[in-house]
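Working notes, structure below.
The values are calculated or read from the model by the stated rules, or taken from the named source; none is laboratory data. Keep in mind it's a predicted model, so treat the numbers as computed, not measured. Note that we place each Cβ from the backbone using ideal geometry, even for glycine, and neighbour counts take in every protein chain shown. Note: accessible area is taken over every heavy atom of the protein model, side chains too, but ligands, DNA and RNA are not part of it. Shrake-Rupley method; radii C 1.70, N 1.55, O 1.52, S 1.80 Å.
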2 protein chains.
Amino acid sequence: MNADYFTIGTLAKETETKIVTIRYYESIGLLPEPPRTEGNYRLYNRSHLMRLTFIRRCRSLGFTLNHVRELLALTEKQDQDCNEVDRLAHSHLEAVEHKIQDLTKLAKELRHQINSCQGGRIADCHILEALSS
Amino acid sequence: MNADYFTIGTLAKETETKIVTIRYYESIGLLPEPPRTEGNYRLYNRSHLMRLTFIRRCRSLGFTLNHVRELLALTEKQDQDCNEVDRLAHSHLEAVEHKIQDLTKLAKELRHQINSCQGGRIADCHILEALSS
DNA sequence: CTTGACCCTATAGTTACTATAGCCCCCATC
DNA sequence: GATGGGGGCTATAGTAACTATAGGGTCAAG
């Protein structure tokens, strides 16, 4: 057994993902089928770890699995004609920048609310207003 | 009929939400039951619009409906003792700041990729690396 | 050689929608 | 005032992205 390989439980812990979710991603082709041990255990390496970490972060940022698939495809389309890649990257960048803007507004209001708490009571809360206009 | 009130179709268009999704939010108590016309049509106003806009933005930012429920509750807990509110606001702020960091990294790599496209071919892509460490 | 932690497949359940069926309201127009 | 088309209503079933459970095999430690 190579020290560079690890089982699904380790991968799950490192990425804070449920084991069943990892197998689910494999079943829908988002993660490649890894090699197996003689006892039929899946064996993962660093590249699986990176790919899964990427997927999980994207999911927590509100991208759908199809979005993630596209982003991963961008990675794999190196050294190819890039009109399509460019178009996709632009559209994803726009979405990402919009999300950053929204989150920045939300963070500002949360900080405001935390500051308002100094006196023991909440004065005025604009969390809803931050993202509702 | 007051001009300040509008039907579910209008609300759906304004918030880019499916009509069925609005009714679903009502059914799980995330949106209040609106008044009805004599013909049993739901009638919404600006406050419904704001609340739904907030919910939809939060969802697109990767918060679960339970997170959204908590954030909305923060808004409604004005003038109450604020230990709990403060704790929640801090924890949400932390999550939001983390999301901003991740998105900023992703945006940087997307911009890099877009620039690489100048020559007609993609040189090196680090989108995956941006969110996998 | 058994025990306990971990892995396997397969299937059913949950969350957050989304689509469809079958019917009602409203109002413009014939 | 009948009628037809664009909405709205409820109720139920289906989809996406997980999550839990059952029933069983693997493997290192004692």
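Descriptive notes on the structure:
- Label 7 Å beyond Cα on the Cβ vector: B:N66 copy-to-copy distances, nm: 2.8
- The phi-based Karplus calculation (6.51 cos²θ - 1.76 cosθ + 1.60; θ = phi - 60°) puts the 3J(HN,Hα) values of segment A:9-23 at x, 5, 4, 4, 5, 4, 9, 6, 10, 5, 4, 4, 5, 4, 5 Hz, whole numbers, x for Gly and Pro.
- As a fraction of the 1.4 Å probe accessible area of chain B, surface on carbon and sulfur atoms comes out at 48 percent.
- Whole-number accessible area per residue in Å² for chain B, which is evaluated in the context of all protein chains at 1.4 Å: 56 Å²
- Placing a label point 7 Å from Cα along the Cα-to-Cβ axis, B:I28 is separated from the same position in the other copies by 1.7 nm, shortest listed first.
- Each peptide in A:26-38, B:22-34, A:87-99, A:46-58 gets a packing score, the mean of other Cβ atoms within 10 Å over its residues, and the list from highest to lowest is A:46-58, A:87-99, B:22-34, A:26-38.
- Copies compared at B:E16 - label distances in nm, ascending, label defined 7 Å from Cα in the Cβ direction: 2.8
- Here the dipole of the protein assembly as shown is about 340 debye; that uses its Cα centre as origin and unit charges on the Cβ of Lys and Arg (positive) and Asp and Glu (negative).
- On Cα atoms only, tilt of B:83-116 relative to the major axis of chain B in degrees: 40 degrees
- Relative contact order for chain B, counting Cα pairs under 8 Å that sit 6 or more residues apart, in percent: 15 percent
- The alpha carbon gyration tensor of chain A gives principal lengths a ≥ b ≥ c with a/c of 1.5 or higher and a/b no greater than b/c, which makes the shape oblate.
- Other protein chain C-beta atoms within 10 Å of residue C-beta, averaged over B:43-52: 1.
- Computed over segment A:1-63: relative contact order in percent, which uses C-alpha pairs under 8 Å that are six or more apart: 38 percent
- Selected from A:V68, A:Y24, B:H92, residue furthest toward positive end of dipole (the protein assembly as shown; charges at beta carbon): A:Y24
- Summarising the rotation from chain B to chain A, the nearest chain B beta-carbon to the axis and its distance in Å are given as B:G62, 2.
- Here the calculated FRET efficiency for A:D4 and A:K77, from their Cβ-Cβ distance with R0 = 25 Å, stands at 0.40, rounded to the nearest 0.05.
- 0 to 90° range, to nearest 10: angle between helix B:46-60 axis and chain B longest Cα axis: 30 degrees
- Mean partner shielding of peptide A:15-26, defined as the number of other chain Cβ atoms within 10 Å of each residue Cβ, is 0.
- Helices in chain A, meaning DSSP H runs of at least 4 residues, each add -39500 (n - 2.57). Divided by all residues, the mean residue ellipticity at 222 nm is -20000 deg cm²/dmol.
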